[in-house]
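Heads up, the thing below is written out as structure tokens.
The values are calculated or read from the model by the stated rules, or taken from the named source; none is laboratory data. Keep in mind the model is a prediction, meaning the values are calculated, not measured. Here the Cβ positions follow ideal geometry from the backbone for every residue, glycine too, while neighbour counts run over all protein chains shown.
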Amino acid sequence: MKIINPIYDKAFKYLMENNKLAKKVLSVILDVEVLEVALCQQETIVPDQIRGLVMYRLDFKAVIKEAGDSKKTVLIELQKSKFPTDIQRFRNYLGTSYLVKKKENWEESVVAEAKPAEYQSIYPIIAIYILGYNLDDLPYLAVTVNRDVINSVNKEKLKVSSFFIEHLTHQAHIIQVLRLPQKRQTRLEKFLMLFNQAWCTDKGFILELQTIPEEFEDIANYLQGPLLDDDFRRHLEAEEQLDYIFEEQEARHLRQMAEALEQRESAEERERVALDRERMAKEKERVAKDRETDALDQSKALTVKLAIQMKKYGATLSEIVKETGLLVEEIEILVET
């Protein structure tokens, strides 16, 4: 079966605009039951200052089921990236996510929670990152980053429910679709088969699924529909061309960064070598002076010893001065001691 590639923004937005399937997708990723979900009326476009282009993300407001059948409303900030240079954008966006959302921006189907009046518009944030590339320092298909509350005095992990902590820290889920294993056993792994980039056709925005997990046949069938829509395909083709531009810009940007780093490292290396040479020259000079001083000290010691012996055997001061080169005052001091 051929489907549109959900790693593409247009295709993913199409999937997540389907409320029923969006709840299913988020339930799989978060590993909780999502009871209700509302997509922000329009996805937010975040300007990228480096590339001069815009980046993509989706906002959701959802009600999730917790232990004991309790319900909690959360904001889900889902960002999807195909390029490994978007970390700063992620950071910049999270900073804006704590701003209060206007109520009219959300569908009214989401159940409201009872809270203190001053916190009516504030909800905990869950961040989801779907990456179309691998993080070298995180060799796992998917990880969940949870909040732990630690007593700073005795380092004990605390089990507390704090509104302050709940709303000023966030949980995160990171998915690297290229790390999908050959053997897919878990529910998440089976779902991510729909993102398997190894099944790309000559058109990157089309996947040809080799197998379809039964649980996710509804999503696959839904993603098959736009292939017959010429206008939808043209949007995907345009996104693919934009991706090519991105890749070219990324490659050029990375080359420039590498060249700048190489030049800086080269300059630092030259400076280091020059400093090393200067230190070595000073060290040689110090050693030479030390040796000269030692030689003089040894010569002086031998001369003094000779003067003492000559005096002991009855030599006159003039004979000692002539033989040793010492001053009369120095010889007199030796005689006294």
Has segment 53-65 got any residue that is under 22 Å from T169 (Cβ atoms), at pLDDT 75 or above and outside any strand (DSSP E or B)?
no
Scanning for something in the same structural domain as F12 (by TED's automatic domain parsing) and either surrounded by 17 or more Cβ atoms within 10 Å (Cβ to Cβ) or in contact (Cβ under 8 Å) with a residue 60 or more places away in the chain (or both), does segment 147-162 turn up at least one residue?
no
Residues being hydrophobic (A, V, I, L, M, F, W, C) and closer than 15 Å to L21 by Cβ - total across segment 193-227:
7
Taking the condition of being under 27 Å from the mean Cα position of the chain (by Cα) and hydroxyl-bearing (S, T, Y), how many residues in segment 1-32 meet it?
2
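To keep it simple, each residue is scored yes or no on (1) closer than 29 Å to S81 by Cβ; (2) loosely packed, with under 12 Cβ neighbours inside 10 Å; (3) hydrophobic (A, V, I, L, M, F, W, C).
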{"residue": "D230", "(1), (2), (3)": "yes, yes, no"}
{"residue": "R255", "(1), (2), (3)": "yes, yes, no"}
{"residue": "E262", "(1), (2), (3)": "yes, yes, no"}
{"residue": "V273", "(1), (2), (3)": "no, yes, yes"}
{"residue": "D276", "(1), (2), (3)": "no, yes, no"}
{"residue": "R286", "(1), (2), (3)": "no, yes, no"}
Any residue that is loosely packed, with under 10 Cβ neighbours inside 10 Å, of a type in the set (D, E, K, R) and more than 23 Å from the chain's Cα centre (by Cα) - is there at least one of those in segment 165-182?
no
Of all the residues that make up segment 200-215, how many are without any contact (Cβ under 8 Å) to a residue 60 or more places away in the chain and surrounded by 14 or more Cβ atoms within 10 Å (Cβ to Cβ)?
2
Go through (1) more than 25 Å from V177 (Cα to Cα); (2) out of contact with any Phe, Trp or Tyr (no Cβ under 8 Å at 6 or more places or on another chain); (3) at pLDDT 85 or above for T73 and report which single condition fails.
(2)
Can you find even one residue in segment 185-199 that is assigned to a loop (DSSP other than H, G, I, E, B), touching a residue at least 60 places away in the same chain (Cβ under 8 Å), surrounded by 13 or more Cβ atoms within 10 Å (Cβ to Cβ) and over 23 Å from the mean Cα position of the chain (by Cα)?
no
